[in-house]
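One structure below.
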Amino acid sequence: MSLLPAKPLKTFAKTAEEEFCLLETDERPDWQAEFGNDHPLKVEIGFGAGEFLIEMAVRQPESNFIGMDFYFPQKGIQKLLDRIKNLNLKNVRVVYGDVRKKMPLLFKDAGLDAIYINFPDPWPQKRHKKRRLINPEFVKLAAQKLVPAGCVSLATDSAPYAGEMLEYLNAEPLLQNRDRESGFLQDRGDLPKSKYEKGFIYSGDPIHYLAYFRVAVGDDERQPDKKTTLAKGEGNELNEAESGPESNDEILIRKFKNAEAKAKDACDLKMVADDLADAGDKEWARQVYQKAEDRAEDCLDFNWLACSLCENLGDREWAREVYKKAEAKTEDSLDFNWLAYSLCENLRDKEWAEKLYQQAEAGADSIRELCDLADSVQDQLHDEEWAREIYRKAESAAQDCSDFFELADHLSGNLGDRDWAEKVYKKAEAEAKDCSDLQSLAESLCLKLGDRDWAGRVYRQAASKARDSGDFCALADSIGKNFGDKKWAGKLYQCGEGKAEQSFEFRDLADSLCEKSGDMAWAKKLYQEAETRARSFYDFRWLAESLCRELGNKAWAERVYRLAESEAKDPSDFNRLANSIRENLEKN
């Protein structure tokens, strides 16, 4: 999910049957009249392909669901609307636009029973921090829109972003974390998994889950509900005192049996079978893999199952049959691409893979899909001419700076075609809209093309478009590192200081000065200003960590840690504070 402007809905011609679920409005609808009932309203922000949204609508016909997203992919919305129509779902509506602007307009305070935010774009680059959806202002907005006891559920694969979400959500007085000790849930309970989420699970990448509920205004103390409290005691059915001591093998067997019994879907079962195979019980693993095949729902389930059958059981014949089932379930270009790649890797069947790559090319409707496909074709089939043809399609489909920029990086890095990349970078420059677009371009010109003259011109354009402290700080960092002009960087840091308003802006500037320029005196002055403006637990804790890491000033840090302690609210706050103190004050 991105915070880029939504593409206009007027480019999409709706049929009469689809008109009812695709809303174009900046005014608050009468939701009861819109749905024809007064069922609870639940919103998913950043619904992507719509799998989670539709599954929730199917599972909970007694609730009404609104999907909100920033993008308007024409083929994607058509598939989503077709699925809604085919399933005859009357409890789904779709809205496109910037959710930060749309939510205040579309929903009254205390009007939503649930908000789901699945894998928001983490925007990992420092210069893109302001584009992240989850920030203190949005958290406050979301909390205001929830009814008392209404919930907000979040998931991300980015550990840094997860930590940031936790800090902002814990600091909101209207919200209470459902796991007050660690702050994060082990899983999402009965919420459905989208293909996007399963992709991370199958790849072994950790996912961070958070869940909060809104407390009633006027509560003296935020408390978890009874369901949450009781849930912590579940899973302890075995009384060790009564059963006696167990051997390591018995403990492991019990663990696997419990995991198999609790598996909710093919994804869970496949992971259990993988662990069994790793533990050496191939026969038990085979039985669980069979259950996973029986429960598999989509191409991704079958694809990853086939991989495991090859890697863990060495059963290529069974894998081939499962790959056939995967092909029958393919829905889009990404499915065909992943499946073709997997066939090459595990069965070495390039003839079959080539047919799938052709189907992937026919269905690709985004620059990223086309670039990833070209890379895969070149990597697996070693067909550079076909890859070039796909890249040419990508160039003809590119519309904005990010499209051209991503394509040029692929042409330079993967194809090694400097001349073509240079032409596409020029198109990216012509479409650049803000400081971060131009900074990204300048960095690529330095690092990928080695063209300092061009990079310098683009950096100057970026400086002219810098608007806030974050822009100037990120630009100064980049120019100092990639362009080697410390004097210019210093002037930009000064501009950043002049624009800074919040504690984190002064802290970020000070961190950069310590790490990039070594100006500790200036950094100390900025850290002092950051402390003066700090208001929340995370402001103080993050500042204390910077004071230890960058200045080595433990006495100052200890004083700031005490200020953080005075602002801590949940046990998870105190746990993180204790860990931070141990890591930064108590280590040698």
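Some points to look at:
- Å³ per residue enclosed by the Cα convex hull of region 363-454: 86
- Residue exposure sequence - Leu370, Leu106 - by fewest surrounding Cβ within 10 Å: Leu106, Leu370
- Helical contribution to [θ] at 222 nm, DSSP H n ≥ 4, -39,500 (n - 2.57), averaged over the chain, rounded to 500: -17500 deg cm²/dmol
- Counting DSSP beta bridges with both ends in the chain, the antiparallel % (nearest 5): 30
- Added length on full extension, which subtracts the Cα-Cα distance from 0.36 nm per residue, Asp434 to Asn135: 105.6 nm
- Charge dipole of the chain about the Cα centre (unit charges at C-beta), most positive-ward option of Gly413, Tyr196, Leu475: Leu475
- Long-range HN-HN contacts of Val43 with modeled amide H, under 5 Å: Ile66, Ala114, Ile115, Tyr116
- Coordinate range of the alpha-carbon atoms in the chain per principal axis, descending: 68, 67, 59 Å.
- Between the beta carbons of Lys282 and Lys325, assuming R0 = 25 Å, the FRET efficiency works out to 0.70 to the nearest 0.05.
- Largest to smallest principal axis extent of the C-alpha atoms in region 462-588, angstrom: 45, 30, 21
- Average projected area [Cα convex hull, region 9-224], square nanometres: 12.6
- By other beta-carbon atoms within 10 Å, ranking Phe52, Phe574 with the fewest at the front produces Phe574, Phe52.
- Counting only residues at least eight positions apart within a chain, or on another chain, the lysines with an alpha carbon under 19 Å from that of Lys257 are Lys270, Lys282, Lys291.
- With the Kirkwood sum run over all distinct C-alpha pairs, region 403-529 has a hydrodynamic radius of 15.1 Å.
- Rounded to the nearest 20 debye, the dipole size of the chain about its Cα centre is 1880 debye, using +1 on the Cβ of Lys and Arg and -1 on the Cβ of Asp and Glu.
- Taking other C-beta atoms within 10 Å as the exposure proxy, Trp386, Trp338 rank Trp386, Trp338 from fewest upward.
- Rounded to 0.05, the FRET efficiency of the Glu250 and Phe200 pair, given R0 = 25 Å and the Cβ-Cβ distance, is 0.15.
- Counted residue by residue at 0.36 nm each, then reduced by the alpha carbon distance between them, the extension gain from Ala149 to Glu55 reaches 31.6 nm.
- For the set Lys140/Lys587; Lys195/Lys465; Lys42/Lys130; Lys433/Lys516; Lys145/Lys499; Lys140/Lys481, the pairs lying more than 30 angstrom apart at their alpha carbons are Lys140/Lys587; Lys195/Lys465; Lys145/Lys499; Lys140/Lys481.
- Angstrom value of the Kirkwood radius, inverse mean 1/r, which spans all Cα pairs in region 250-329: 12.3
- With each label modelled as a point 7 angstrom along the Cα→C-beta vector, the Ala216-Arg535 pair spans 2.8 nm.
Taken together, the values in this text are just the output of simple stated rules run on the coordinates, not laboratory data. Predicted, not measured: the structure shown is a model, and the values here were computed from it. Heads up, the Cβs are rebuilt from the backbone with ideal geometry, glycines too, and the neighbour counts pull from every protein chain shown.
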